[in-house]
Structure formats: structure tokens, C-alpha cells
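Read the figures in this text as sums done on the coordinates, not as results from a lab. Just so we're clear, the structure is a prediction, and the values are computed from it rather than from any experiment. As a convention, Cβ positions derive from the backbone with ideal geometry for all residues, glycine included, and neighbour counts pool all protein chains shown.
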Amino acid sequence: MSEQPRRDVVSYARRSSRMNSSQQKAWDRCHDGLVIDVPKGHRDTSIAAGASVVWDDEFGRSAPLIVEIGSGNGESLVPMAAQLPECNVVAFEVYRPAVAGTLAKMSRQEVHNIRLVVADGMEGLSQLFGPSTVQELWVLFADPWHKSRHHKRRLITPAAGELIASRLAPGGLLRLATDWQEYGEWMRVSLDGNQSLVNEYLDEGGWAPRDADRPVTKYERRGLAAGRQVWDLRYRRRD
Ligand SMILES: C[S@@+](CC[C@H](N)C(=O)[O-])C[C@H]1O[C@@H](n2cnc3c(N)ncnc32)[C@H](O)[C@@H]1O
């Protein structure tokens with residue numbers, strides 16, 4: 001009997017990976033050395049078991065590691081990394097044209113402390129980082145998957161919280177933002193009970209103030225224009 005094809009629940013929508021000509025040019029000009037090739041697993045966005053990356057070698061230096069999952073076209077990633085030249089920033093994005101757009105921004109803004117991986121960021125976090133090695137993790141405007149039948153696709157879950165807590169260094173920071181209140185509350189339900197993470201603003205109602213260093217991206221603008229508010233969260237890994 002033939003095997004059933006695997007059906008994974010993924011946190012992103014499937015989109016064409018075709019690039020327009022400026023994205024293709026940016027990719028051709030810049031990807032070498034900045035987009036890290038990782039052996040693929042059973043999906044083209046998954047990572048093969050046993051894959052590994054020596055981040056110090058990829059950056060040519062040893063420095064505190066920051067990870068972003070779902071960096072989109074780098075609208076927040078590039079300026080935020082530029083403000084942290086002392087850190088090595090690794091960004092995961094499944095959509096290749098968005099990674100090409102990020103490369104173009106890095107080149108224009110002369111930001112050199114970012115490496116990109118075109119793969120599922122939760123798999124990347126699990127497989128390419130050792131326990132307690134990540135100083136900060138950013139998940140900004142993750143797809144809210146607001147219909148209840150799609151909630152299973154949400155990136156932030158209690159299990160993701162466990163993984164994130166295991167990869168953050170003691171004292172390390174998880175930063176989240178969403179323009180979808182119900183997803184913000186879902187994140188709170190997923191993370192507030194995690195024994196290794198502390199909601200830094202629990203005494204003030206649990207929501208963090210908006211970070212001044214986080215640029216307003218198209219997702220934030222779109223949420224505000226639709227009359228929504230933006231919800232920030234900050235969790236610190238216990239020592
Ligand atoms: C709504 S966009 C936000 C982009 C960016 N953070 C910003 O604020 O401009 C969410 C992005 O996350 C990406 N994404 C979703 N799930 C992912 C995953 N598991 N790993 C890597 N990227 C993911 C999507 O392809 C999309 O580009």
C-alpha cells in the first residue's frame with residue numbers, strides 16, 4: 001500500500017516563490033554569504049534532521065545572537081539590527097521574495113550583522129541553536145490566523161513557548177507584537193504560564209509599552225488604519 005502524503009500544519013500561507021526583477025537582482029547580487037543554505041527536510045521550508053550551522057563562522061565573529069522568526073521583507077529587521085551592531089542577528093523567513101527584499105534593504109542601508117535563512121523559523125530555532133544560546137527572539141506581527149479553524153496554524157503556542165524558553169539564554173528576552181488583540185491574548189495564554197518565562201509587565205496588566213526602536217511597519221500601519229490597536233509583549237527567561 002502506498003504511503004499517505006504527509007500533511008503538515010504550517011504557520012504560513014503558501015505563496016509563489018517567483019521573484020520580480022528587482023528582487024531577483026538583489027538576490028543574485030547579495031545572497032552569497034548572507035543567506036545561509038541549510039539542508040532541506042521533507043518540505044522545502046523544513047530543515048533536515050542533523051543539520052547544523054556554526055554561527056560564529058557565518059558572521060566571522062563571536063557576538064550575542066538575536067533571532068527573528070517571520071522577518072517578512074525586513075522592514076523592522078534591518079533598522080533594528082542596525083541599532084545593534086554589537087549583535088549577530090539571524091532571521092528566518094519562508095518566503096524567498098521577501099528575503100530578497102530584505103537583502104536589498106541591507107545593501108542600501110549598509111547593515112552587515114544579519115544572516116538570513118529561508119526556512120521555518122521554529123524548526124530553525126530547534127535545530128540550529130543550542131540550549132540557552134539566544135539573547136533575544138523577535139516575533140513581530142506573526143500571521144494572526146484569526147479564523148478558529150486556522151488557530152492550529154498559529155506560531156505561538158505553549159509548545160513554542162517551551163522551545164523558545166529552552167533556546168533563550170538566562171536573562172534573554174522574547175519580544176512579540178501583534179495588531180490582533182485576540183492573538184495577543186492567545187499569546188498570553190500560551191506564555192504567561194510558562195515556568196521559565198516571566199512576563200515583564202505582569203504587574204502593569206501584562207502588556208508591554210511599544211518599543212521605541214521598533215519601526216512602524218506596513219502591518220502595524222494596516223492594523224491602526226483598520227481601527228485596531230497594537231499589542232506588545234515582553235518575556236524574560238528566568239536565570
Ligand atoms: C505578517 S508578516 C510580518 C513580517 C515582519 N515581521 C513585519 O512585521 O514586517 C509574517 C511573516 O512571517 C512569515 N512566517 C510565517 N510563519 C513562519 C515560520 N514558521 N518561519 C519563518 N517565517 C514564517 C510569513 O511568510 C510572513 O512573511
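Structural remarks
- Choice from 104, 169, 63 with maximal GNM fluctuation in the chain (Cα, 10 Å cutoff): 63
- Contact order normalised by residue count of the chain, Cα under 8 Å, 6+ apart, percent: 19 percent
- Restricting the trypsin sites (Lys or Arg not before Pro) of region 18-49 to loop positions (DSSP other than H, G, I, E, B) with no more than 15 neighbouring Cβ atoms within 10 Å leaves 18, 43.
- Stretching the chain fully between residue 211 and residue 226 yields a gain of 3.3 nm (0.36 nm per residue, less the alpha carbon separation).
- In units of the compact-protein estimate 2.2 N^0.38 Å, region 119-239 shows a Cα radius of gyration of 1.03.
- The dipole here belongs to region 21-237: it is taken about the Cα centre, uses +1 on the Cβ of Lys and Arg and -1 on the Cβ of Asp and Glu, and is about 640 debye.
- Positive-end extreme of charge dipole, the chain - chosen from 106, 17, 139 (charges on Cβ): 17
- Partner aspartates and glutamates whose Cα lies under 20 Å from the Cα of residue 40, excluding those fewer than 8 positions away in the same chain, are identified as 8, 32, 58, 68, 93, 120, 123.
- Using θ = phi - 60° and Karplus 6.51 cos²θ - 1.76 cosθ + 1.60, couplings along region 31-39 (whole Hz; Gly, Pro as x): 5, 4, x, 9, 9, 8, 7, 10, x
- With θ taken as phi - 60° and the Karplus curve 6.51 cos²θ - 1.76 cosθ + 1.60 applied, the whole-hertz 3J(HN,Hα) list for region 193-204 is x, 5, 5, 9, 10, 10, 6, 5, 10, 4, 5, 9 Hz, x standing for glycine and proline.
- Rounded D (µm²/s) - region 21-237, Kirkwood Rh over Cα pairs, Stokes-Einstein at 4 °C, 1.567 mPa s: 73 µm²/s
- Principal semi-axes in Å for region 1-118 [√(5λ), Cα gyration tensor, largest first]: 26, 18, 12
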